[in-house]
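*Asks:* Dumping the structure here so I can ask a few things about it.
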Amino acid sequence: MLIVMHRHATQEQVDQVMAAVEAMGLTAEPIPGSLRTAIGVLGNQGYVDDSTIRTLPGVRETIHVSKPYKMASRDFHPDASVIDVAGVQFGDGLKPVIIAGPCSIETEKQMMDAAEQVKNGGGQMLRGGAFKPRTGPHSFQGLGIEGLKYLQQAGQAFNLPVVTEVMRIEQLDKVCQYADMLQIGARNMQNFDLLKEVGKTNHPVLLKRGMSATIEEFLAAAEYILAEGNSRVVLCERGIRTFEKATRNTLDLSVVPLVRDLSHLPIIVDPSHATGKRMLVPVMTKAALVAGAHGVMMEVHPDPASALCDGAQSLSGDQFAGLMQDVNHLLGFLGYGT
Ligand code: PEP
Ligand code: MN
């Protein structure tokens, strides 16, 4: 970190800042300039908490040189990571993984039908929510543990690893019992206690970007999981909140190449929640793959018109099958083979 002093900062103020840095167990190196003095902070292992320093008299600004994420960064881990979820692999140069399934698990039959459609279309993983983070308390909240059982059965019947959201620490044991991959939803991206607990499991994690999270915050959230010893994290861009109301969220596709550059973790895209519109899902799926996404997760429902959650952004089985034909052509073109 670099501490930049005001032009008129006194020597006494510089000394006070240096003493504060040293009190944190770090080394302060003054860098006198023609207009102002800067102080280099050395010896830190990771991100320096500058909350005290910033408020000291004479301090103009602090500039972080190291990022708030280290284990998630390419500096720490130059080679791209390959994340294995029950035999399905996410990573550089590997065929992108298509995850599909309904927003919510509704019935045993709905889940079986959805799984059949996902399998027949060529999807590699099955999704479905049993614990749903709904915006309002009167909306369907999910089937809970009963739903987890239906998801697991459907996944096993069609040989598709399953991913589902865990909303609270108390649900973690059960979700680990039934799911191959734990999803942390956008609303929980900064639930640091949950991230830490998920980091203590051996389950791969699908971490969705918070709706107002910067890329730095997104990677810092992944860092919480990695720091607890679980390095199997796949990131997921699912749209961010902007002024635009024509779509549910704004799909930030630039995050894909940016994250690929900054981090070794794979990143996938969820065009369903990013757009909220079925009509936009196929084209944004293809755009995500062209942008370099390591996979796509989309909502597919046997009967979207009757879906208890997110029907407007869900593809029918036929629509999914049609899209997957296009995806396979595109992947061939992109050099992945079919
Ligand atoms: C979901 O994938 O089911 C979901 C609720 O998504 P998000 O957390 O991105 O809103
Ligand atoms: Mn949904």
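*Asks:* Show the residue pairs that are 6+ apart or on different chains and have beta-carbon atoms under 7 Å apart, the first residue being within segment 235-248 and on the phi > 0 side of the Ramachandran plot, the second being among the acidic types (Asp, Glu) and within 9 Å of ligand 1 (Cβ to nearest atom).
*Replies:* none
*Asks:* Go through segment 102-141 and count every residue that is more than 15 Å from Glu299 (Cα to Cα), under 22 Å from the mean Cα position of the chain (by Cα) and either in a helix (DSSP H, G or I) or in contact (Cβ under 8 Å) with a residue 24 or more places away in the chain (or both).
*Replies:* 3
*Asks:* Residues in segment 268-290: is at least one among the basic types (Lys, Arg), assigned by TED's automatic domain parsing to the domain that holds Ser231 and farther than 22 Å from Asp326 by Cβ? Spell out the reasoning first.
*Replies:* Narrowing segment 268-290 to residues among the basic types (Lys, Arg): 277-278, 286.
Right, trim to assigned by TED's automatic domain parsing to the domain that holds Ser231 and you get 277-278, 286.
Subsequent filtering for residues that are farther than 22 Å from Asp326 by Cβ retains none.
No, that holds for no residue.
*Asks:* Scan segment 99-119 for residues that are over 13 Å from Gly155 (Cα atoms) and of a type in the set (S, T, N, Q) and jot them down.
*Replies:* Hits for segment 99-119 are Ser104, Thr107.
*Asks:* Which of the following residues is of a type in the set (Val, Ile, Thr) and within 21 Å of Gly229 (Cβ to Cβ): Ile63, Ile83, Ile98, Ile53? Before the answer, list the steps.
*Replies:* Values: Ile63 fails: within 21 Å of Gly229 (Cβ to Cβ); Ile98 fails: within 21 Å of Gly229 (Cβ to Cβ); Ile53 fails: within 21 Å of Gly229 (Cβ to Cβ).
One residue alone meets the criteria, Ile83.
*Asks:* Which count do you get for residues in segment 301-330 that are under 23 Å from the mean Cα position of the chain (by Cα) and away from ligand 2 (no atom under 16 Å from the Cβ)?
*Replies:* 1
*Asks:* Which members of segment 142-181 meet the condition of being within 15 Å of ligand 1 (Cβ to nearest atom) and among the polar types (S, T, N, Q)?
*Replies:* Listed by number, the residues that qualify are Thr164, Gln171.
Each row is one residue, and each column tells you yes or no for (1) buried (at least 24 other Cβ atoms within 10 Å of the Cβ); (2) at pLDDT 95 or above; (3) away from ligand 1 (no atom under 13 Å from the Cβ); (4) among the aromatic types (Phe, Trp, Tyr).
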{"site": "His203", "(1), (2), (3), (4)": "no, yes, yes, no"}
{"site": "Ala222", "(1), (2), (3), (4)": "yes, yes, yes, no"}
{"site": "Leu265", "(1), (2), (3), (4)": "yes, yes, yes, no"}
{"site": "Asp270", "(1), (2), (3), (4)": "yes, yes, no, no"}
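*Asks:* Among the residues of segment 221-253, count how many are touching a helix residue (DSSP H, G or I) at 6+ places or on another chain (Cβ under 7 Å) and closer than 15 Å to Val296 by Cβ.
*Replies:* 6
*Asks:* Then there's this: Can you find, within segment 145-180, the residue that is farthest from Lys132 (Cα to Cα) among those that are in contact with a strand residue (DSSP E or B) (Cβ under 7 Å, 6 or more places away or on another chain) and either of a type in the set (Val, Ile, Thr) or not assigned by TED's automatic domain parsing to the domain that holds Leu207 (or both)?
*Replies:* Step by step, filter segment 145-180, then rank; the result is Val162.
*Asks:* Could you tell me whether segment 296-308 includes any residue that is touching a residue at least 12 places away in the same chain (Cβ under 8 Å) and farther than 21 Å from Gly128 by Cβ?
*Replies:* Of all residues in segment 296-308, those touching a residue at least 12 places away in the same chain (Cβ under 8 Å) come to 296-304, 307-308.
So of that shortlist, the ones also farther than 21 Å from Gly128 by Cβ come out as none.
No, segment 296-308 has no match at all.
*Asks:* Something else: Output the qualifying pairs, or none if there are none: Cβ atoms under 8 angstrom, residues six or more apart or on different chains, first residue in segment 185-212 and within 13 Å of Val166 (Cα to Cα) and polar (S, T, N, Q), second residue within 16 Å of ligand 2 (Cβ to nearest atom) and in a loop (DSSP other than H, G, I, E, B).
*Replies:* Between residues of segment 185-212 that are within 13 Å of Val166 (Cα to Cα) and polar (S, T, N, Q) and residues that are within 16 Å of ligand 2 (Cβ to nearest atom) and in a loop (DSSP other than H, G, I, E, B), the close pairs are Asn188/Pro133; Asn188/Met167.
*Asks:* Just to be sure before I move on: is Met297 among the aliphatic types (A, V, I, L, M), touching a Lys or Arg at 6+ places or on another chain (Cβ under 7 Å) and either within 13 Å of ligand 2 (Cβ to nearest atom) or at pLDDT 95 or above (or both) in the structure I sent?
*Replies:* Spelling it out, Met297 is indeed among the aliphatic types (A, V, I, L, M), touching a Lys or Arg at 6+ places or on another chain (Cβ under 7 Å) and either within 13 Å of ligand 2 (Cβ to nearest atom) or at pLDDT 95 or above (or both).
*Asks:* Another one. Go through (1) within 16 Å of ligand 1 (Cβ to nearest atom); (2) in contact with a Phe, Trp or Tyr (Cβ under 6 Å, 6 or more places away or on another chain) and name the single condition Gly129 misses.
*Replies:* If we test Gly129 against (1) within 16 Å of ligand 1 (Cβ to nearest atom); (2) in contact with a Phe, Trp or Tyr (Cβ under 6 Å, 6 or more places away or on another chain), just (2) comes out false.
*Asks:* Okay, next question. Name the residue that is surrounded by the most Cβ atoms within 10 Å (Cβ to Cβ), counting only residues in segment 160-173 that are under 18 Å from Leu126 (Cα atoms) and of a type outside the set (A, V, I, L, M, F, W, C).
*Replies:* Selected residue: Thr164.
*Asks:* Out of all the residues in segment 177-197, which are more than 16 Å from ligand 2 (Cβ to nearest atom) and surrounded by fewer than 16 Cβ atoms within 10 Å (Cβ to Cβ)?
*Replies:* Going through segment 177-197, the residues more than 16 Å from ligand 2 (Cβ to nearest atom) turn out to be 177-182, 190-197.
Across segment 177-197, the qualifying residues are Gln177, Phe192, Asp193, Lys196.
*Asks:* For the structure I just gave you, tell me whether Gly122 is modelled with pLDDT of 95 or more, at positive phi and not polar (S, T, N, Q).
*Replies:* Taking the combined requirement at face value, the residue satisfies it.
The values are calculated or read from the model by the stated rules, or taken from the named source; none is laboratory data. Bear in mind the structure is a predicted one, so any value in this text is a computation, not a measurement. Every residue, glycine as well, gets a Cβ built from its backbone with ideal geometry; the counts of neighbours run over all protein chains shown.
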